[in-house]
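For reference, the structure discussed in these notes is given below.
The values are calculated or read from the model by the stated rules, or taken from the named source; none is laboratory data. Predicted, not measured: the structure shown is a model, and the values here were computed from it. With ideal geometry, Cβ positions are generated from the backbone for all residues, glycine too; neighbour counts draw on all protein chains shown. Side chains included, ligands, DNA and RNA excluded: accessible areas come from the protein's heavy atoms. Shrake-Rupley method; radii C 1.70, N 1.55, O 1.52, S 1.80 Å.
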Amino acid sequence: MVDADPGPGFKILVREDFSDATYSLVIHHPLMAKAARPGQFVIVMSHESGERVPLTIADFDRAKGTVTLVVQAVGKSTKEMQQICQVGTSLYGVVGPMGVPSPLAGKKKVVCVGGGLGVAPIFPQARGFKENGAYVIGILGFRTKNLIFWEDKFRACCDELILCTDDGSAGIKGFVSDGIKLAIEGHSNIDEVVAIGPPIMMKACAETTRPHAIKTIVSLNPIMVDGTGMCGGCRVKIGNEIKFACVDGPDFDGHKVDFNDLIMRLKRYAKEEKAALDRWSENCRMMQRAPTVLKGAEAADSSLPLPDPFEDALGG
Ligand SMILES: Cc1cc2nc3c(=O)[nH]c(=O)nc-3n(C[C@H](O)[C@H](O)[C@H](O)COP(=O)(O)OP(=O)(O)OC[C@H]3O[C@@H](n4cnc5c(N)ncnc54)[C@H](O)[C@@H]3O)c2cc1C
Ligand code: FES
């Protein structure tokens, strides 16, 4: 039997919702699956006029020709994707792989730290280190037990796993930085720590390893626009240098990153982002209300224009 024509774009084969805000999408994209390396990301457009959203390649399967993205619905575009990206639909555009692949070879003992959504992007690195012969200690942090995902995937590729929850409902009670302290107490020969999560978490991880002089790599997520090193939107301060996260990163030496600058730059468009989300949410509400408010002749007039939730997408 031949599959129905999936149409243009990149078909979503599987979707899993980890929580109200976090979901994974398995995308059919054999070329991307072949080219992807741990640490790289793609830029996704969910529809023709959608915003360009950078997302880390959280997993790839070359045999099946799939890549997996894990998305947190934080603003207009990621919330819109949460609504429209269902199994059987397609993403309009997936560009990549972008960024410098993480160097995985030559390490004997590494610690891979993921906090919240950061658990997804650290996975290919943990697996990659293991495939390269390293002893891998995984440290996963979540606010609470119900938010845990991919524990089984990490257990399969880590020699040790330290699970941390803020409220102590699973694993140890504490932050991932407490997990790092435990790992350092238990192992005197850690070559490298790689940490991915919110900027404040990565900063805490870097401060935990600094006194021990353990090399610490973090993955930065500044605002990105073109993803090609042309616009300068993603510039970050690394020591005395200015780097572009899209072409020089996104991985950088955590002991040199100016996290305060990163956090400030991430807030730069907060007003515009809120306005875009409000406009989009209002359009969605009108779409939902429309069928019930139409009466009589209005209801019969199928040409009556309904608000288009994608109308404001450009530049949103
Ligand atoms: C290299 C990289 C990898 C990323 N990987 C993932 C991932 O795997 N999963 C995931 O859920 N998110 C990831 N992000 C963040 C994701 O791109 C943003 O959350 C998303 O663009 C927000 O868009 P929005 O319209 O929903 O929210 P907005 O309302 O536009 O913004 C909400 C928050 O996202 C930040 N943001 C907005 N636009 C961008 C942008 N173009 N680039 C970066 N940050 C932005 C804002 O500063 C703000 O903090 C990654 C970002 C980068 C740079
Ligand atoms: S996103 Fe434009 S330079 Fe990096």
- prompt: So what are the ³J(HN,Hα) numbers for the range 186-199, from phi and the Karplus equation (6.51, -1.76, 1.60; θ = phi - 60°), rounded to whole Hz, Gly and Pro as x?
  reply: x, 9, 8, 10, 6, 7, 7, 10, 10, 10, 10, x, x, x
query: For M230 and A156 in the same chain, what is the full-extension length gain: residue separation times 0.36 nm, less their Cα-Cα distance, in nm?
result: 22.7 nm
- prompt: When the accessible area of the range 19-171 is split by element with a 1.4 Å probe, what percent falls to carbon and sulfur?
  reply: 51
- prompt: So what is the accessible area of the range 169-229 per residue, in Å², with the probe set to 1.4 Å?
  reply: 45
- line: Once the in-chain neighbours fewer than 8 apart are removed, the lysines whose Cα is under 18 Å from K108 read K130, K215
query: If you keep only loop residues by DSSP, which chymotrypsin sites (Phe, Trp or Tyr not before Pro) in the range 1-104 have at most 16 other Cβ atoms within 10 Å of their Cβ?
result: Y92
message: Taking the Cα centre as origin and putting +1 on Lys and Arg beta-carbons and -1 on Asp and Glu beta-carbons, what dipole magnitude results for the range 46-119, to the nearest 20 debye?
response: 440
task: Send over a whole-number figure in Å² for the accessible area per residue of the range 1-80, probe 1.4 Å.
output: 48
query: Mean separation of Cα pairs under 8 Å and 6+ residues apart, divided by the residue count of the range 1-108: what relative contact order is that in percent?
result: 35
task: Determine the share of the range 176-215's accessible area contributed by carbon and sulfur atoms, expressed in whole percent, with a 1.4 angstrom probe.
output: 55
- line: Checked against a 31 Å limit on the C-alpha separation, the offending pairs among K11/K181; K64/K107; K107/K203; K173/K237; K76/K237; K181/K237 are K11/K181; K173/K237
message: Report the Rg/Rh value for the range 1-136, based on alpha-carbon coordinates and the Kirkwood definition of Rh.
response: 0.99
- prompt: So for the pair L31, Q86, with labels modelled 7 Å out along Cα→Cβ, what separation do we get in nm?
  reply: 2.9
message: A 25 angstrom limit on the alpha carbon distance is what I want to check against. Which of K153/K267; K34/K153; K79/K256; K34/K243; K79/K145 exceed it?
response: K153/K267; K79/K256; K34/K243
statement: Residue span R279 to I200: 0.36 nm per residue of separation minus Cα-Cα distance leaves a gain in nm of 25.5 nm
field: Modelled label reach - A105, point 7 Å along Cα→Cβ, the range 112-148 residues with backbone N closer than 20 Å
entry: 124-136
